[in-house]
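Have a look at the structure below, then the notes.
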Amino acid sequence: MSTQTNQTRDHTFSRSATPPPAPTAPSAPRAAWAIVAKREILAKLFDKSFLIGTVLTVVIIAGFMVVQAFMQDRTQTYNLVASGSDVSYAKTLGELVTKVDDKVVVDVRSAATADAARAEVLDGSADAWLHKDGDDWTLTAATEVPDGLNAAASTVVRQSMITSNAEKAGTTVAAIEQGATLKSGILKGDADKQGFAKVMGFVLAFLFYMASIAFGMQLAGSVVEEKASRIVEIIATKIPVRQLLIGKILGNLLMAVAQMVLYTGIGLIGLSFTQYKSYLPSVGAGVGWFLAFFLVGFLVIACAWAVAGALASRTEDLQQTAMPLTMLMMAMWFSVFLAKGVVLTVLSFVPPFSAILMPIRILEGTAAWWEPVVALLLLIVLAGFIVRGAERLYRRSLLQTQGKLSLKQAWSAPE
Amino acid sequence: MIEIQGLTRRFGDITAVDDVSFSVHDGHMTGFVGGNGAGKTTTMRMAMGLLGIDAGRVLWNGRPITDADRRRTGYMPEERGLYPKQKIVDQLTYLGELSGMSASTARAAIMEHLERFGLADRADDRVEKLSLGNQQRVQIIAALMTQPDALILDEPFSGLDPTAVDSMADLLREHTARGIPVLFSSHQLDLVERLCDHLVVLAKGRVVADGTVDQLRNRGPERYRLVLGSDAGWVRDVPGIHAVDVDGARAVIELTGELPGADQALLRAAMSRGEVKEFARIIAPLSEIYREVTA
């Protein structure tokens, strides 16, 4: 071993021979949790799979919005062929169709004979052939009658035939139809908006579920990794374990909320380019509530995941210690589809279900102003208990290395 | 000085550490020796506050140790672990910051230590890319870079090649030269013998020997080997002497301690009877003493 070692050693000795340097003896860092949180955030920002996942989700949301905006402005033109005396009716139908559905335009072609018309459909120069079959007008296509054309044409044929039949009978359509239609209506919100809100609610619930699982699994994984590698023992001699937990939770919470703000922000911006932009104010408020519920709900879930990690001693144990939590996540996700009526109303107050169900009710417009306030307060109360309980469980199980622990063992474990 | 007083820890029915007491003196390197399951790691974890204490206490300069004292103690756990995916320098900076160092102070100390271990050019590598020996060096840097007030190291030498053992030993000596107490556990008795001022031997959770290497060697009666030119059977009747083994002209004897100067009296008697080929004090190797005390 070389001179280099000796030189370094001499250097060190000469240093220790001089009066001792001002004590570098470190004192407790003022905000250890902030140092831990910073590491968690940086670890995420440099994690390729996290970055790729985020970018991919943004692209999917933005892409969906672009497709929506594009589809709404597109008109579909159909070529309709008719022969002989049917041509004049086909032309009338072509004009009326666009009045029924402004996205459908019909070009009428006339063919010399029925056979020629059939041939045009078969060779693709016409989308469908309109002809009279007995008393009924018939639309014939090569393999499938296009939906858009079929729907609009049916309405036109029905209306025109009823009108002419009424005239023949010496009455009017209005007289025949009087009192014959069943109108439907809803008292809360409006129907179109509610359909839209339902879809929006599913999307938000899905994002909530995905974030809880993805961030949660990673958080639990990193807790058990620290535990299994015993680096947690080095950390625990430097800072209180509570600070480690707070730092890990806050780091992940910040990243999860930032990611969710990014997703919903892009969704809302995209929405302003679609036909649904009139819903923007009410949807925006709903999303705002969703983010508030996500913030508190994720705090609860992240604490639970951290405990699941601390109960395990090795990564292999994690699946078992996290089992109750994965079941709860599944139950929350299924409640989005299954909870209806009174059950939905009740569950939308029960934490942690409220975190996912109340925002859906707000979007649907079925929640009175005070309902989300109460639900959020209840969730915050639960979060208070969970954070305290998790802190105790985490602290007591983190340094236990003899296999995995049950909740009960961890709760009563000596420190 | 770190004083361990009557430390006891039970796991269920098993008493892993049973009334263990010893001191780690300032400027002294104390070796902590014992077989697997003897309770070394449990004792060290209790001293570092990582494990609850059933009975006993740990003193720091005469008063109960606090979290602040522990924060100023460099600790290396037995199982080697760091964040595998993080860069070495970032990881050590993180641990330094948690110890209360500023990022820049930590970085300077880290680079100095990395240079010393010949790892400076790998500062930006991920930990998982290092060999196990190098990972261990990184971990010892984590314990030393804060210029701690004490060191508690669990098996710091295991898995190191002889060159690395030497440079690690040099490094530890520098810290005892600063006047801080150093406690390390090891299975390698020759190493402990070479490095340590003080030795604590643990067996089945109890301290079975505690002292300097010389004290341990001298703990039993003094033994001598005597080789004569003729039959040595007569040594059995010399007062103050216990003949452990007599085989022809060779004898191994112990001084009973009842009669001062019995060794010299024996030598004179032997010389008066004829030729004395050898008369020598038997100094047992540490390994033999270790086997004896832990048996």
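For this structure, a couple of remarks:
- With a cut-off of 14 Å on the backbone N, the residues of region A:113-135 near the modelled label site 7 Å out from A:A142 along Cα-Cβ are A:118-129.
- Computed label-point distance, nm, for sites B:R57 and B:S230 using a 7 Å Cα→Cβ extension: 6.8
- Pairwise FRET efficiency - B:H187 versus B:E115, Cβ, R0 = 30 Å, nearest 0.05: 0.50
- Listed residues A:L328, A:M161, A:L56: farthest to the positive end of the dipole of chain A (Cβ charges): A:L328
- Simple point charges give the picture: +1 on the Cβ of Lys and Arg, -1 on the Cβ of Asp and Glu, and for region B:2-212 a dipole about the Cα centre of about 400 debye.
- Chain A, relative contact order [Cα under 8 Å, separation at least 6], %: 18
- Once the Cα atoms are used to define both axes, helix A:241-271 deviates from the longest principal axis of chain A by about 20 degrees.
- Positive dipole terminus of region B:223-294, leading residue within B:A251, B:A232, B:A269 (C-beta point charges): B:A269
- Across region A:58-74, coupling constants 3J(HN,Hα) worked out from phi with the 6.51/-1.76/1.60 Karplus curve, θ = phi - 60°, read 4, 4, 5, 4, 5, x, 4, 5, 4, 4, 4, 5, 5, 5, 5, 8, 8 Hz, and Gly and Pro carry x.
- Its relative contact order, with pairs defined as Cα atoms under 8 Å and 6+ residues apart, puts region A:38-189 at 18 percent.
- Between A:E95 and B:D125, the simple spin-label model (points 7 angstrom out along Cα→Cβ) gives 8.4 nm.
- Choice from B:T42, B:T15, B:T73 showing the highest fluctuation, given a GNM over chain B with Cα pairs closer than 10 Å: B:T15
- Proportion of all alpha-carbon pairs of the protein assembly as shown beyond 42 Å (%): 54
- One Cα centroid belongs to region B:159-182, the other to region B:101-143; the line between them spans 16 Å.
- For chain B, the longest principal axis of the C-alpha atoms and the axis of helix B:103-116 are separated by about 40°.
- Against the main long axis of the alpha-carbon atoms of chain A, helix A:3-17 sits at an angle near 70°.
- What separates the Cα centres of region A:379-415 and region A:113-128 is a distance of 75 Å.
- Around the Cα centre of chain A, unit charges on the Cβ atoms of Lys, Arg, Asp and Glu (plus for the first two, minus for the last two) sum to a dipole of about 2700 debye.
- Our summary gives region B:223-294 a relative contact order of 38 percent, counting only alpha carbon pairs under 8 angstrom and 6 or more residues apart.
- Positive-end residue, region B:42-130 charge dipole about Cα centroid, Cβ charges, pick of B:V58, B:G100, B:A47: B:V58
- Shielding of peptide B:79-86 by partners, expressed as the average count of other chain Cβ atoms within 10 Å per residue Cβ, is 5.
- The mean number of partner chain beta-carbon atoms within 10 angstrom of a residue's beta-carbon across peptide B:173-179 is 3.
- Translational diffusion coefficient (Stokes-Einstein; Kirkwood radius from C-alpha pairs) of region B:136-197 at 37 °C, 0.692 mPa s, in µm²/s: 277
- Charge dipole (debye, nearest 20) of the protein assembly as shown; +1 at Cβ of Lys and Arg, -1 at Cβ of Asp and Glu: 1520
- Helical contribution to [θ] at 222 nm, DSSP H n ≥ 4, -39,500 (n - 2.57), averaged over chain B, rounded to 500: -10000 deg cm²/dmol
Read-outs throughout are calculated quantities, based only on the coordinates presented, and are distinct from any laboratory measurement. Keep in mind that what you see is a predicted model, and the values were worked out from it rather than measured. Heads up, the Cβs are rebuilt from the backbone with ideal geometry, glycines too, and the neighbour counts pull from every protein chain shown.
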